[in-house]
Amino acid sequence: MMTIKEMSKLTGVSARALRYYDEIGLFHPTGKSEAGYRLYDKEALAVLQQILYFRELDIPLDTIKEIMENPALDRNHILRAQKQMLTAEKERLERLIASIDEALKGAETMDFTVFTREESEDLFHAMFKQMPEAMRETAIREFGSAEEWKEHYLNAVSSEKVQKQYAKVVEWYGGREAYADSVKHPLSEEIRTSYKRRLDHVLEKLSDQRTMDVDSFEVRQLIGEYGFVMKQLLQLKEEKEMMLAQAKLYLEEKTKSAVDDQYGDGFAVFLNRAITAFYNR
């Protein structure tokens, strides 16, 4: 049998985290010593290693708990998810290496175009088709007609500034095709509503923790879940840069005021610090 200290040293999981796993019903010790200290055997070690494997997939602890309690666990599905994550990371690194190669060549001119006018027009039509009727009618009234609205949109997105913003967003999605696919095939309203409810739940729990250290296990766990849900909601392959951009948004006065009004004074600044600490660690 191992003590909690020995288990922590062997697995790299802090004693505090092991106690927290026990508290939430995710991972219990095999037993306790006469003095009341937690003890773990080899079977418990195997269970913890499985939990750590799922954490590598960025799966929230409450979801891992459901998986662990499900005897009909589809391991092939988990492996496919792992492969997808690693492939996305591989593609991201290849893009970074290509960018460095271009910089080393000393390229003096850069083409900032991410989507051509024809591709932007396709995205507009997809957006127009998926947009709620009331929102679509409001925009048409504002611009005079759907065609004038389209021309305004195409002129706006053709600017270097917007194309640079597109480049950043495309990076989050893992490529132009992935971004375009997310626009043309959005999640159903039912699924989006479900994700938004989960986000509200996470933010409410974070609000309760806003006096805690942003590097505490509890806060980091909630920020990790926040990022995971945003990744699923926006259908991203990589959420880090998007979350860091979101963190900066929380410091803008309008957003800061709205967030604090909903979740309590100081919450926007706390979110900024917690997200930045989590993703820059």
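The values are calculated or read from the model by the stated rules, or taken from the named source; none is laboratory data. What you are looking at is a predicted structure, and each value in this text was computed from that prediction instead of being measured. Cβ sites come from the backbone with ideal geometry, for glycine too, and all protein chains shown count toward neighbours. Heads up: the accessible areas ignore ligands, DNA and RNA and are worked out on the full protein's heavy atoms, side chains in. Shrake-Rupley method; radii C 1.70, N 1.55, O 1.52, S 1.80 Å.
Brief remarks on what is shown
- Count Lys and Arg as plus one, Asp and Glu as minus one, and take only other residues whose Cβ is under 13 Å from that of residue 122; the net charge is then 0.
- Between the residues 18, 39, 57, the greatest Cα displacement towards the positive end of the dipole of the chain, with unit charges on the Cβ of Lys, Arg, Asp and Glu, is found for 39.
- Intensity falloff of the chain expressed as log10 I(q)/I(0), Debye formula with alpha-carbon point scatterers, at q = 0.08 Å⁻¹: -0.47
- Sulfur and carbon atoms: percent of accessible area, the chain [1.4 Å]: 52
- Formal net charge of residues neighbouring residue 210 (Cβ-Cβ distance under 13 Å; K, R +1; D, E -1): -4
- Computed from Cα positions, the angle between helix 189-208 and the longest principal axis of the chain comes to roughly 60 degrees.
- Residue among 251, 123, 48 farthest towards the positive dipole end of the chain, charges placed on Cβ: 48
- Two-site label geometry, residue 163 and residue 261: point separation in nm, points 7 Å out along Cα→Cβ: 3.9
- Between residue 181 and residue 156, residue separation times 0.36 nm minus the direct Cα-Cα distance comes to 6.9 nm.
- Cross-link partners of residue 129 among lysines (Cα-Cα below 27 Å; sequence separation of 8 or more within a chain): 150, 161, 164, 168, 184, 196, 231, 237
- Loop-located GluC sites (Glu not before Pro) in the stretch 208-269 whose Cβ has at most 15 other Cβ within 10 Å (DSSP): 252
- Averaged per residue, the chain has 62 square angstrom of accessible surface, using a 1.4 angstrom probe with ligands and nucleic acids left out.
- Taken along its principal axes, the alpha carbon cloud of the stretch 240-281 reaches lengths of 28, 14, 11 Å, longest axis first.
- Given the chain, longest segment not containing exposed loop chymotrypsin sites (Phe, Trp or Tyr not before Pro) (DSSP; at most 15 other Cβ within 10 Å): 113-281
- Three principal axis lengths of the stretch 127-281 [C-alpha, angstrom, descending]: 52, 32, 31
- Comparing mean-square fluctuations of 167, 15, 103 from a GNM of the chain with C-alpha springs under 10 Å, the top value falls on 103.
- Shown is the FRET efficiency for residue 194 and residue 24, computed with R0 = 22 Å from the Cβ-Cβ distance and rounded to the nearest 0.05: 0.50.
- Label-to-label distance, nm, for residues given as residue 97 and residue 269 (7 Å Cα→Cβ offset): 4.4
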